[in-house]
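Heads up: the structure comes next, in structure tokens.
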Amino acid sequence: MDQAKLPKVMLVDDHKIMRDGLGELLEQSGGFEVVGQAGDGVAAVKLAQQLNPDVIIMDIMMPHKDGIEACREISETLPDTKVLILTASTEEDAVVEAVAAGATGYLQKYSGKEELLRTVHDVARGECHIPGDAIRRVFAGIRHAEERRKTHGPGGLTAREREILALFSQGLSYAEVAKVRENQPLTIRNAIYAIQDKLGIGTKQELVVWAVRNGLLDDHQVGR
């Protein structure tokens, strides 16, 4: 096959002997061009931007940045690059996390040479190589998240939290919100701090902006 048409493959593993052995296997098969190697997730993200490979074969457990996080960043910035997770991990959660991060394929390191080469070929063509049970778990997680969003609303806030935040965002004091809700001012104060923590918002001003942008004031208006 013309070298220019071979899928370009990048290898990412914190063990050099693993990278070298895998690279030799791919090159000797005559079906791939190994264009680069990286020994950790940080280096992988940087090198991927430079090389723009067709396929990245990547381990999960690595220093500085693991393969899941590196896969997520690469998938966001290089959507045409396919990531095949090749790992010794047998944990089901690792498969699910890899799929959620954008991996196109998942294979364990004890797989045979023929299976590995076939999987890399499939992934290079854009085919998905993910265990069926992992895909089902990912979709189950998506459904759960959607149900939670419908139940709790934006930011995962409960109906009580949304009402308290909406009243507070209209300029009511802790005491005034407490009067509307028939609570104690300290209860409202603690609730506001809990909402800030849940949303990861540092200031009250930012909290009010968030409430306005997410339409909370439309549902909870109060006359003053």
Quiz item: If you go through the stretch 183-214 one residue at a time, how many are modelled with pLDDT of 85 or more and of a type in the set (D, E)?
Solution: 1
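The rows are residues; the columns are (1) hydrophobic (A, V, I, L, M, F, W, C); (2) within 26 Å of Q28 (Cβ to Cβ).
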residue	(1), (2)
M58	yes, yes
S75	no, no
D80	no, no
L84	yes, yes
V95	yes, no
A101	yes, no
R118	no, yes
H121	no, yes
P131	no, no
Quiz item: If you check A70, A166, A100, which single one turns out to be in a helix (DSSP H, G or I), surrounded by 19 or more Cβ atoms within 10 Å (Cβ to Cβ) and modelled with pLDDT under 90?
Solution: A166
Quiz item: Mind checking which pairs have a first residue in the stretch 183-199 that is under 13 Å from L157 (Cα atoms) and a second that is among the β-branched types (V, I, T) and surrounded by 13 or more Cβ atoms within 10 Å (Cβ to Cβ), Cβ under 9 Å, 6 or more apart or different chains?
Solution: A191/I164; A191/V177; I192/I164; I192/V177; I195/I164; I195/I201
Quiz item: Is it the case that the stretch 58-74 has a residue that's more than 17 Å from the chain's Cα centre (by Cα), at negative phi and charged (D, E, K, R)?
Solution: no
Exercise. Identify, by number, the condition in (1) surrounded by fewer than 17 Cβ atoms within 10 Å (Cβ to Cβ); (2) not in a helix (DSSP H, G or I) that L11 doesn't meet.
Key: (1)
Self-check item: Answer residue from the stretch 40-94, given it is touching a Gly at 6+ places or on another chain (Cβ under 7 Å) and among the small types (G, A, S) and is nearest to Y110 (Cα to Cα) among those
Solution: G67
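Would you please name the residue that is farthest from K8 (Cα to Cα), looking only at residues in the stretch 74-97 that are modelled with pLDDT of 80 or more and part of a helix (DSSP H, G or I)? It would help to see each step written out before you state the result.
So in the stretch 74-97, the residues modelled with pLDDT of 80 or more come out as 74-88.
With part of a helix (DSSP H, G or I) added as a condition, the list becomes 74-77.
Working: I74: 15, S75: 16, E76: 19, T77: 17 Å.
Top of the filtered list is E76.
The values are calculated or read from the model by the stated rules, or taken from the named source; none is laboratory data. Keep in mind that what you see is a predicted model, and the values were worked out from it rather than measured. Methodologically, a virtual Cβ is constructed for each residue, glycine included, from the backbone with ideal geometry; neighbour enumeration extends over all protein chains shown.
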